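Structure first, then comments.
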Amino acid sequence: MQYLSQKARFSRCKQYRYTLERSWDAGAGTVLFIGLNPSTADHRQDDPTIRRCVQFAHDWGFSRLIVTNLFAFRATYPEDLKRASDPVGRYNNKWIKQSYQQSQLRIACWGNHGEHLGRAAALLRRLPDLHYLKMNRSQQPSHPLYLRATTLPRAWQHQDGR
């Protein structure tokens, strides 16, 4: 896909990625995907997960994508994330909140490790109006990479009724 803009916000040390954004000229509005943690994608290069999220957002009629994560620490494997001394990142909550406010559709997609340090539960308490694509057996929202391209968002009804 041809982008109008590609952005990413990193910590000074580059070990943390707070946001990644892509925009294109078809459609309107912004989708926020909240994953587990960033991997290799940056302001120039997409990884397979970002390509899948862009395709979902485009197919749903949106023109912009923002990706944030429960943990801003860049790691390819969950084990590396769990060994990090500060996997959340100093400014991560600020960027999640700002991205949430800029979006019209918010997709939770952190997979099976969102319970680490209680991050998923904390986020669910602070952010209403989340959607998911599919629930794992662990009752955590599935990672988007291996879902069918025709998958549609579903409103997430939390245990507290939100």
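The values are calculated or read from the model by the stated rules, or taken from the named source; none is laboratory data. Just so you know, these numbers come straight off a predicted model, no measurement behind them. Counting neighbours? That spans all protein chains shown, and the Cβs are built from the backbone with ideal geometry, glycine included.
Tabulated data
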read-out	value
Filtered residue count, the stretch 23-54, keeping only those that are in a loop (DSSP other than H, G, I, E, B), hydrophobic (A, V, I, L, M, F, W, C) and crowded, with 16+ Cβ neighbours inside 10 Å	3
Test: residue in the stretch 61-83 that is more than 14 Å from residue 33 (Cα to Cα), in contact with an Asp or Glu (Cβ under 8 Å, 6 or more places away or on another chain) and buried (at least 19 other Cβ atoms within 10 Å of the Cβ)	yes
Any hit, the stretch 140-152, residues being part of a loop (DSSP other than H, G, I, E, B) and on the phi > 0 side of the Ramachandran plot	no
Cβ-Cβ under 7 Å pairs, at least 6 apart or on other chains, the stretch 73-87 side closer than 20 Å to residue 48 by Cα, far side of a type in the set (Ser, Thr, Tyr) and at pLDDT 95 or above	73/16; 74/16
Selection status of residue 95, over 17 Å from residue 18 (Cα atoms) and in contact (Cβ under 8 Å) with a residue 60 or more places away in the chain	no
Index of the failed condition, residue 90 passing every other in (1) of a type in the set (D, E, K, R); (2) crowded, with 22+ Cβ neighbours inside 10 Å; (3) more than 21 Å from residue 143 (Cα to Cα)	(2)
Residues (assigned to a loop (DSSP other than H, G, I, E, B) and out of contact with any Leu (no Cβ under 6 Å at 6 or more places or on another chain)) located in the stretch 82-113	84, 85, 86, 88, 89, 90, 91, 104, 109
Unmet requirement for residue 54, which otherwise passes all of (1) of a type outside the set (Ser, Thr, Tyr); (2) at pLDDT 95 or above; (3) over 14 Å from the mean Cα position of the chain (by Cα); (4) farther than 28 Å from residue 125 by Cβ	(3)
Residue in the stretch 1-22 that is surrounded by the fewest Cβ atoms within 10 Å (Cβ to Cβ), counting only those that are aliphatic (A, V, I, L, M) and in a strand (DSSP E or B)	8
